[in-house]
1. Using the basic label-point model (7 angstrom from Cα toward the beta carbon), what is the HIS94 to LEU119 distance in nanometres?
2. For the pair ASP75 and ALA110, how long in nm is the line joining their label points, each one 7 Å along Cα→Cβ?
3. Figure the gain on full extension for ASP67 and VAL39 (residue separation times 0.36 nm, minus the Cα-Cα span) and round it to one decimal in nm.
4. Sort TYR71, TYR55 by Cβ crowding within 10 Å, fewest neighbours at the top.
Amino acid sequence: MRRDLIATAVISSALTLVAVTATTAATQKKTVKLENAKVRVTEVVYEPGQPRERYIRPTDQVIVFLDDSRYERIDSKTGEKTIRERKSGEVIWHDKGEDAPILTNLGKKAYRSLTIELLK
């Protein structure tokens, strides 16, 4: 009986992990373009209406917008919603440990950005 309960819990956890991974993969396509001991460059595609989940930035980051974009940003501390617009070629900086809030693409088509993570 206990063994069946443990097996059920393990299977349930695995299925939940697969579902969460599939959902995250469906909302953002990430492709590593370059990675070495000092830097990781990732192209990120933001689909319309799909939120990017909040996270804490693990590295210093340079973000380069490859396409014009319009997105909603939800501040994780205050819940305040703001709309930001970025132009293709625009570059911004984020510090390691900084909150990366929920972002939702408000455009009608996907937009791309490069995330350049400084690893050392």
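1. Each label point is offset 7 Å from its Cα along the Cβ direction, giving 1.9 nm.
2. 3.2 nm
3. Stretched fully, the ASP67-VAL39 segment lengthens by 7.8 nm.
4. TYR55, TYR71
Every number in this text was worked out from the coordinates using simple rules, so none of it is lab data. Just so it is clear, the model here is predicted, and its values are computed rather than measured. Using ideal geometry, Cβ is built from the backbone for each residue, glycine included, and neighbour counts are taken over all protein chains shown.
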